[in-house]
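Have a look at the structure below, then the notes.
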Amino acid sequence: MEALRKWVQAVWFFLANGFWGFPVSQNIYKGPLKVICSPGLNCYSCPASTTYCPIGSLQQLLLSIRFSLQNGHYYFGTFVVGSMGLLGATFGRFVCGWACPFGLFQELLHKIPSVKYSIPKKLNWFKYGFLALFVVILPLVLVDQFSLGEPWFCKYICPAGTLEAGIPMVLLQPGLKKTIGWLYLNKMMILVIFIFWSVVASRPFCRTTCPLGAFYSLFNRYRLIKLKFNEENCTQCKACHSVCPMEIRFNETPDSGECISCMKCMTQACNYDAISLEIGGYSLPNRILTSGKKAGQTLT
Amino acid sequence: MNGKFKIRKTPLVLISVFLLLWLTGIVLGEPSRVLEQACSICLSCIGIG
Ligand code: SF4
C-alpha cells in the first residue's frame, strides 16, 4: 500500500506540474487547464504548473473583492471555495497524504538519516491561524488606496511558492534577479527552515502551517471517504501509534483532523481489523487493502 | 463486508452545498477571473512583488 501511495503521489505531482515546455518558453503555462483546482498546495506560478493553487487564487479574489464589486463583478471566491469544499467533503486530508506535491517533498526529506524529533501538539493549531488570518482576514481587510489588498500567505510565508516558483522563475528570467530584496530573502529563509525541519520531523509544514491542510482537516470527521475505527475489534495493542507519521493515536482519536489517511496504521500495524476504509457508510473488506507485513507479524 | 451498512448523509449534504457554491461561482463568471490570475506570474508568490 505504501508503494502504491508513493506512485499516486508521483502521478499527482506530474499531473499538477505537467508543463515541461518551460525551458523553451521561459515562462509559465498559460493554457485552459489552469481553470482546474490543484487538490494539493501547488504554486500556480511554478513554470511547470498546469492547475491553479486554491490558496493563492482565494487570496487573489478576496484581496480584490472591493475592486471587483466597483467594476460590477461578483467574484466572492465561491468557485474556488466550492472546488476546495468538494475535495474536502469527499476526501478530507486524503489529499495531503496522496496528492500534495509539497507533502511528497517533505516525506522525501524525512527519509534522510538523522535524529528524529516529534512536533509539540500545540503547534498544530497555528495552521488554523494562518488560514483565518493570512488567507482570509488580512487580504480582505488591509487594502490600499486602490481598494486592493495583498496575498499575505503567498507573499510572506508560503515555502512551496518559493521552491516551485521563486527559485525556478529567477533562474528562467534573469531580469527578475535585479528585483530581489528582503522579501525574497525572508521567503528563502522560511523555505530553508522547513527543509531542515522536514529532515528531523515528519511533515512539519502540513502540521503547523499549511492553510489548505487546515481547511481539509475541518472535513475529516464528515468526509465521504474515511478511515473507520472498529472499536469492538481493538485490543489496545497500540501498534497504530508507532507507525503514524502524524503522531496520531488512531484508536483514541480516529477522526483526528491531523490524519492524512496514509493508511499505514491499517495496512502496516493493525492485525485485528480494527481499522477499515469506509465510503459513505460502507466498509471495504480489509483483505482487499492489507496484504503487506504488519508490525509484530512474521512472514512464514 | 465489515459490520452493517448504514449510509452517512452528512458528506452528501456537504458535497451538495459545495457543488452549489461551485456552480454559483461559474454562473458569476469567476472561472475566467481565476484563469486570468493563474496565467499571470504572481510576483508575490515568488517573493518579489
Ligand atoms: S492515523 Fe493512520 S492513516 Fe492517519 S496519518 Fe496516522 S498512520 Fe496514516
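The values are calculated or read from the model by the stated rules, or taken from the named source; none is laboratory data. The shown structure was predicted, so the numbers you read here are calculated from the model rather than taken from an experiment. Quick reminder, even Gly has a Cβ in these numbers, built from the backbone with ideal geometry, and neighbours come from all protein chains shown. The protein model used for the area step is the full one, side chains on, heavy atoms only, and it has no ligands, DNA or RNA in it. Shrake-Rupley method; radii C 1.70, N 1.55, O 1.52, S 1.80 Å.
For segment A:154-208, a residue qualifies if it is under 24 Å from A:S118 (Cα atoms), within 11 Å of another protein chain (Cβ to nearest Cβ) and open to solvent by less than 50 Å² (accessible area, probe 1.4 Å), and the qualifying residues are A:I157, A:C158, A:P159, A:A160, A:I190, A:L191.
On the given criteria, is A:R223 of a type in the set (K, R), out of contact with any Ser or Thr (no Cβ under 9 Å at 6 or more places or on another chain) and either crowded, with 19+ Cβ neighbours inside 10 Å or in contact (Cβ under 8 Å) with a residue 24 or more places away in the chain (or both)? Criteria not met by A:R223. A search for C-beta distances below 7 Å between a residue of segment A:158-178 that is over 18 Å from A:P211 (Cβ atoms) and any residue that is modelled with pLDDT under 90 and among the aromatic types (F, W, Y), counting only pairs 6+ apart in sequence or on different chains, returns A:L172/A:F22.
When residues in segment A:226-251 are screened for being of a type in the set (S, T, N, Q), within 11 Å of the ligand (Cβ to nearest atom) and either open to solvent by less than 40 Å² (accessible area, probe 1.4 Å) or touching a residue at least 60 places away in the same chain (Cβ under 8 Å) (or both), 1 of them pass. Somewhere in segment A:93-111, is a residue more than 13 Å from chain B (Cβ to nearest Cβ), farther than 15 Å from A:F215 by Cα, over 21 Å from the mean Cα position of the chain (by Cα) and open to solvent by 60 Å² or more (accessible area, probe 1.4 Å)? Within segment A:93-111, not a single residue is more than 13 Å from chain B (Cβ to nearest Cβ), farther than 15 Å from A:F215 by Cα, over 21 Å from the mean Cα position of the chain (by Cα) and open to solvent by 60 Å² or more (accessible area, probe 1.4 Å). Taking segment A:135-153 only, how many residues are assigned to a helix (DSSP H, G or I), open to solvent by less than 40 Å² (accessible area, probe 1.4 Å) and of a type outside the set (V, I, T)? Selection size over segment A:135-153: 3. Within segment A:252-267, if we keep just the residues that are polar (S, T, N, Q) and within 8 Å of the ligand (Cβ to nearest atom), the residue that is nearest to A:I119 (Cα to Cα) turns out to be A:S256.
Condition check ((1) touching a Gly at 6+ places or on another chain (Cβ under 7 Å); (2) open to solvent by less than 40 Å² (accessible area, probe 1.4 Å); (3) facing another protein chain (nearest Cβ under 7 Å); (4) of a type outside the set (V, I, T)) across all residues:
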site	(1), (2), (3), (4)
B:R8	yes, no, yes, yes
B:F18	yes, yes, yes, yes
B:L21	yes, no, yes, yes
B:V27	no, no, no, no
B:R33	no, no, yes, yes
B:E36	no, no, no, yes
B:S40	no, no, no, yes
B:I46	yes, yes, yes, no
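Of the numbered criteria (1) in contact with a Phe, Trp or Tyr (Cβ under 8 Å, 6 or more places away or on another chain); (2) closer than 18 Å to A:V95 by Cα, the one A:S64 fails is (2).
When A:M1 is tested against (1) away from chain B (no Cβ under 13 Å); (2) modelled with pLDDT of 95 or more; (3) within 20 Å of A:S261 (Cα to Cα), exactly one condition is not met: (2).
A quick yes/no check of all residues on (1) in the same structural domain as A:A274 (by TED's automatic domain parsing); (2) modelled with pLDDT under 95:
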residue	(1), (2)
A:A165	no, yes
A:L172	no, yes
A:K178	no, yes
A:F194	no, no
A:C206	no, no
A:G213	no, no
A:M246	yes, no
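Restricting attention to segment A:268-282 and to residues that are open to solvent by 40 Å² or more (accessible area, probe 1.4 Å) and more than 14 Å from every other protein chain (Cβ to nearest Cβ), the residue that is nearest to the ligand (Cβ to nearest atom) turns out to be A:Q268. Looking only at segment A:260-276, residues that are in a loop (DSSP other than H, G, I, E, B) and under 23 Å from B:F5 (Cβ atoms) come to 6 in all.
Please go through segment A:215-248 and give me each residue that is over 30 Å from A:G82 (Cα atoms) and part of a helix (DSSP H, G or I), ordered by number. Matches in segment A:215-248: A:E231, A:E232, A:N233, A:A239, A:C240, A:H241, A:S242, A:V243. Could you say whether any residue in segment A:31-49 is modelled with pLDDT under 95 and among the β-branched types (V, I, T)? Among the residues of segment A:31-49, not one is modelled with pLDDT under 95 and among the β-branched types (V, I, T), which makes the answer no. For segment A:20-54, a tally of residues being farther than 15 Å from B:V34 by Cα, out of contact with any helix residue (DSSP H, G or I) (no Cβ under 6 Å at 6 or more places or on another chain) and open to solvent by 50 Å² or more (accessible area, probe 1.4 Å) returns 4.
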